[in-house]
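Read-outs: derived from the displayed coordinates by stated rules, not from any lab. Not measured: the values here are computed from a predicted model. Counting neighbours? That spans all protein chains shown, and the Cβs are built from the backbone with ideal geometry, glycine included.
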């Protein structure tokens, strides 16, 4: 198991449970996890973010193993948020708008299984809300000429923290690479 800092580099909050009351978690993959993590830590109501790996076939994968494509893991972001300040629909809008969910096994120039679009749910109600938001966004994308959303929606799997140097990478390396880009189409599920 990889060791990471106990506190978030940007806001100082704890990155591992237990979390404060009224806090929930959401795990998403939307390409390179550096830019995706920054997108979420900047939101008011997000308590902490961590990058890691999920939906693969090995335990405790390393970055090099994941990048090789052998493990099938996706680069993902664990988002812990205060439900009294930001709601799931707002986070889903950020997720859909923040990347191109019609690209299969890639985001822009980042190509491979680790860069696939994926989102996880813990409860059936969350799955339904994710699917509803996907369907709404699909309609908006089709009107703009985009193809089918290929995002995987899966029941939560084990989240493996990435190496410490990847955590809050773009805060530690402000000029670091971020190839994340959305479609420019607004998602109407926010609320």
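Filter the stretch 28-50 down to the residues that are assigned to a strand (DSSP E or B) and touching a residue at least 40 places away in the same chain (Cβ under 8 Å), then identify the one that is nearest to residue 183 (Cα to Cα).
Applying the filter and picking the extreme gives 30.
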**OP:** Using the structure shown, decide if residue 77 is touching a residue at least 12 places away in the same chain (Cβ under 8 Å) and over 27 Å from residue 146 (Cβ atoms).
**Re:** no
Given (1) part of a strand (DSSP E or B); (2) farther than 23 Å from residue 132 by Cβ, residue 58 misses just (1)
When the stretch 67-85 is checked residue by residue, the ones that are surrounded by 16 or more Cβ atoms within 10 Å (Cβ to Cβ) and over 16 Å from the mean Cα position of the chain (by Cα) are 67, 71, 82
Exactly one of 24, 44 is under 20 Å from residue 89 (Cα atoms) and in contact with a helix residue (DSSP H, G or I) (Cβ under 8 Å, 6 or more places away or on another chain), and that residue is 24
Can you confirm whether residue 102 is free of Cβ contacts under 8 Å to residues at least 60 places away in the same chain and within 23 Å of residue 56 (Cα to Cα)?
no
